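Asks: After the structure tokens below, expect a handful of questions from me.
Computed from the coordinates by the stated procedures, all read-outs in this text should not be read as laboratory data. Note that this is a predicted model, so its numbers are computed, not measured. We place every Cβ from the backbone using ideal geometry, glycine too, and count neighbours over all the protein chains shown.
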Amino acid sequence: METSEKIEQGREFLTRLWQCENEERPGFLIGYTGPKMRGGTPVISALFSTEGTDTVRTRLQDPEKFLQAQLAEIDGQMKFEGDFVPALTPTIGVVTIPSAFGCPVIWQERDFPAVRPLISSPEQIDDLQRPDMQAGELGRILGYTRYFRQQTGGRYPIRVTDIQGPLDNASLIMGHNNFLLMLRTHPKQAHRLLQMITDVTIELVHEQRRQAENDFVPVLFQPWMPDGMGVSISNDDSVMISARHMAEFGVPYFNQLADAFGGIYIHSCGNWLHQIPALDQVRGLRGLEFGASEVPFAPVLAHFGGKIVLACRIGFNKDHPFLSMADYVRQIMVARQTNRGLFIHVDVTNGILDEQWPETDLTEIYTLIRGERSMGTQHG
């Protein structure tokens, strides 16, 4: 199959997946499945892997090296079966928006950069000013957006950068302990900070789309989403707060983002199962991205299945471990009650693997996903 035809088929299928109309099978994508693979060559993530000829810091600070690493990953990815739509991603991790507010950036050789908190007390929030679109690392992100577009002649669309989410960014700006305590002691200041972050986030996404010449993918995470259907955020603070606090301090700002972009797609690490009541209040919730070894996946599939996109990956393979990649895919396929909206990311990039992790046979994975297998209580 020609590359252009494969990409177009991927767009068509994933558009239906976001509309929860993929009755015939789940969506899927082969990512990094571990060092041992049968039926293909493991693809190293240009964004997340510490492997390669350059350190992470060198790769991220040099736009040409970063671009070439992403192009190599796309070439490798296109050799697999699956629902893959290539795009280029100008991101340097979680620091983007906190750095714009003034948080010092700590560059690390073999990992994404981190930030030090800028403030520690609620009273300091009143002195914060809304940053412009060149503050901190925003200028770098927008510059990379233009550079990737120019160097490839617009061959690939541009993904939204890592904007995190209002709660996560507030925790980075203040430090997690200080911010989470403030939810109880100074709710007015907490809302002021969250509103300012949300306003900056909306402005940044609009500006990045403009710099990408409107050839834009509004989600950082897989799967590809058509522009206009939403925006992706990270909400890792969900594991640290109650559903009541999420409803008060998270949902109103999620709703603003959903209103601005046509929906919202939320990633959360860890076990966030207690947040289902708050998530039910999110207006325009398009999907959830999660580690199936971190949150009990069967209740998630039962509650949200067929209503929104549920994009799972292995994640930190510790609390609810899978024995192999095939075991992970098999368990998801058995637990599902419908194919509609289900996306299986066959990937362990962020997982914890030991030397006993077995070889992944791609033929077995393809058969599990495309073949007829028992499925919960009904067929999708």
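Asks: Expressed as a fraction of 2.2 N^0.38 Å, the rule-of-thumb size for a compact globular protein of N residues, what is the C-alpha radius of gyration of the chain? Before the final figure, lay out each step's value.
Replies: On the way: Rg = 20.1 Å, N = 380, 2.2 N^0.38 = 21.0 Å.
Expressed relative to 2.2 N^0.38 Å, the Cα Rg reads 0.95.
Asks: Across region 199-205, in residue order, what do the Karplus-derived ³J(HN,Hα) couplings come to in whole Hz, using 6.51 cos²θ - 1.76 cosθ + 1.60 with θ = phi - 60° and x for Gly and Pro?
Replies: Computed from phi, the couplings for region 199-205 are 4, 5, 4, 4, 5, 5, 5 Hz.
Asks: Per Stokes-Einstein, at 37 °C and 0.692 mPa s, what whole-number D in µm² s⁻¹ belongs to region 221-315, with the Kirkwood radius over Cα pairs as the hydrodynamic radius? Write out the running numbers ahead of the final one.
Replies: Working: Rh = 13.2 Å.
Translational diffusion coefficient: 249 µm²/s.
Asks: Can you list the HN-Hα couplings for region 103-114, worked out from phi with the Karplus curve (6.51, -1.76, 1.60; θ = phi - 60°), rounded to whole Hz and with x for Gly and Pro?
Replies: 5, x, 8, 10, 7, 10, 5, 10, 7, 4, x, 10
Asks: Counting only residues 5 or more places away or on other chains, whose amide H sits under 5 Å from the amide H of Met37 once H atoms are built in the peptide plane?
Replies: Excluding prolines and chain starts, which carry no amide H, the hits are Thr360.
Asks: Going by amide H atoms built from the backbone, whose H comes under 5 Å of the H on Ile314, apart from near neighbours?
Replies: The list, which skips near neighbours in sequence, is Ala292, Asp347.
Asks: Neighbour counts of other C-beta atoms within 10 Å: give me Trp272, Trp357 arranged from fewest to most. All intermediate terms of the calculation are to be shown ahead of the outcome.
Replies: Working: Trp272 25, Trp357 19.
Least crowded to most crowded, the residues run Trp357, Trp272.
Asks: Let me ask another. If you place +1 on the Cβ of every Lys and Arg and -1 on the Cβ of every Asp and Glu, how big does the dipole about the Cα centre of region 1-47 come out, in debye to the nearest 20?
Replies: Numbers: 6 positive and 7 negative charges, 79 e Å.
Roughly 380 debye, rounded to the nearest 20.
Asks: I would also like to ask the following. Could you give the semi-axes, largest first, of the ellipsoid that matches region 115-163, computed as the square roots of 5 times the alpha carbon gyration tensor eigenvalues and rounded to whole Å?
Replies: 33, 10, 8
Asks: A further question follows. Among rounded, prolate and oblate, which fits region 268-380 when a ≥ b ≥ c are the square roots of the eigenvalues of its C-alpha gyration tensor, a/c under 1.5 means rounded, and a/b larger than b/c means prolate? Each step should come with its number before you reach the end.
Replies: Values: a/c = 2.18, a/b = 1.28, b/c = 1.71.
It is oblate, given that a/c is not under 1.5 and a/b is not larger than b/c.
Asks: DSSP loop (so not H, G, I, E, B), at most 14 other Cβ within 10 Å: list which trypsin sites (Lys or Arg not before Pro) in region 310-348 pass both filters. Please list the in-between numbers first.
Replies: Numbers: sites: Arg313, Lys318, Arg330, Arg336, Arg340; in loops: Lys318, Arg336, Arg340.
Listed in order of number, the matching sites are Lys318.
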